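Novice: Before I ask anything, let me first share the structure, which is written out below as structure tokens.
The values are calculated or read from the model by the stated rules, or taken from the named source; none is laboratory data. Computed from a prediction, not measured in an experiment: that's the story for all the values here. Cβ placement follows ideal geometry from the backbone for every residue including glycine, while neighbour counts extend to all protein chains displayed.
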């Protein structure tokens, strides 16, 4: 089991460029999440998906879009990157039973110049 | 004001010391209280959780919740260099609140040999 995988691991973008962060889990979990982690702010929820076909906004959704492609995959898109989106992005998943335990991927370090 | 407050540290202790990590919160609806551990350049992993008030012990780790004071703690006994990590508290409402977690900022801990 690979758990939660994320690609890419690192990315540098120029302001205005777009990109998609990919996330996949092999644990048959229904719920998936995208967080960003910034110094002084901790982990903040961007979007989440409680099941295939559904997505909901989290605490900081502006500037992002998501797609729950199937049960395994949940992608995060930045349509027009801004320096304020420089951060470490984590994808996570959880089962319906073990909602307290979210399994995190290794993160994507994104710099927007 | 943040719903969950956590002193970011950094906290540096000698090997064998007792470590106390704390969080305060403002949302009375929180019922589940978790501690996640995050090693450098990795995703967070669930360390332990408690439901409502009380204590829970797991090896060298003890989690304590005081709902009347809206205050939670994690104690690490006989701390080891391998405990060096960032510790994030996380909280969730009752069963009807879904699977969203609210995280603290995290406390960076270094245990010196």
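Novice: In region B:95-107, which residues are out of contact with any strand residue (DSSP E or B) (no Cβ under 8 Å at 6 or more places or on another chain) and farther than 14 Å from residue A:102 by Cβ?
Specialist: Within region B:95-107, B:95, B:96, B:97 meet the criteria.
Novice: Give the residues of region B:25-39 that are without any contact (Cβ under 8 Å) to a residue 60 or more places away in the chain, within 11 Å of chain A (Cβ to nearest Cβ) and part of a loop (DSSP other than H, G, I, E, B), sorted by residue number.
Specialist: The answer is B:39, and nothing else.
Novice: Determine which single condition residue A:51 fails, assuming it passes every other condition in (1) more than 9 Å from chain B (Cβ to nearest Cβ); (2) assigned to a loop (DSSP other than H, G, I, E, B); (3) modelled with pLDDT of 95 or more; (4) closer than 28 Å to residue B:3 by Cα.
Specialist: All conditions pass for residue A:51, except number (3).
Novice: Just name the residue that is surrounded by the fewest Cβ atoms within 10 Å (Cβ to Cβ) out of those in region B:1-43 that are more than 25 Å from residue A:103 (Cβ to Cβ) and in contact with a helix residue (DSSP H, G or I) (Cβ under 8 Å, 6 or more places away or on another chain).
Specialist: Across region B:1-43, the extreme among qualifying residues is B:15.
Novice: Which number in (1) buried (at least 17 other Cβ atoms within 10 Å of the Cβ); (2) modelled with pLDDT of 95 or more; (3) assigned to a strand (DSSP E or B) marks the one condition that residue A:81 misses?
Specialist: Exception for residue A:81: condition (3).
Novice: Something else about it: Filter region B:49-94 down to the residues that are under 18 Å from residue A:94 (Cβ atoms) and touching a residue at least 24 places away in the same chain (Cβ under 8 Å), then identify the one that is surrounded by the fewest Cβ atoms within 10 Å (Cβ to Cβ).
Specialist: B:94
Novice: Considering (1) within 14 Å of chain B (Cβ to nearest Cβ); (2) within 18 Å of residue A:110 (Cα to Cα); (3) surrounded by 13 or more Cβ atoms within 10 Å (Cβ to Cβ), say which one residue A:32 fails and leave the rest.
Specialist: Against the list (1) within 14 Å of chain B (Cβ to nearest Cβ); (2) within 18 Å of residue A:110 (Cα to Cα); (3) surrounded by 13 or more Cβ atoms within 10 Å (Cβ to Cβ), residue A:32 comes up short only on (2).
Novice: Another one. Would you confirm whether any residue within region A:61-77 is surrounded by 19 or more Cβ atoms within 10 Å (Cβ to Cβ), within 28 Å of residue A:14 (Cβ to Cβ), touching a residue at least 40 places away in the same chain (Cβ under 8 Å) and in contact with a strand residue (DSSP E or B) (Cβ under 8 Å, 6 or more places away or on another chain)?
Specialist: For region A:61-77, residues surrounded by 19 or more Cβ atoms within 10 Å (Cβ to Cβ), within 28 Å of residue A:14 (Cβ to Cβ), touching a residue at least 40 places away in the same chain (Cβ under 8 Å) and in contact with a strand residue (DSSP E or B) (Cβ under 8 Å, 6 or more places away or on another chain): present.
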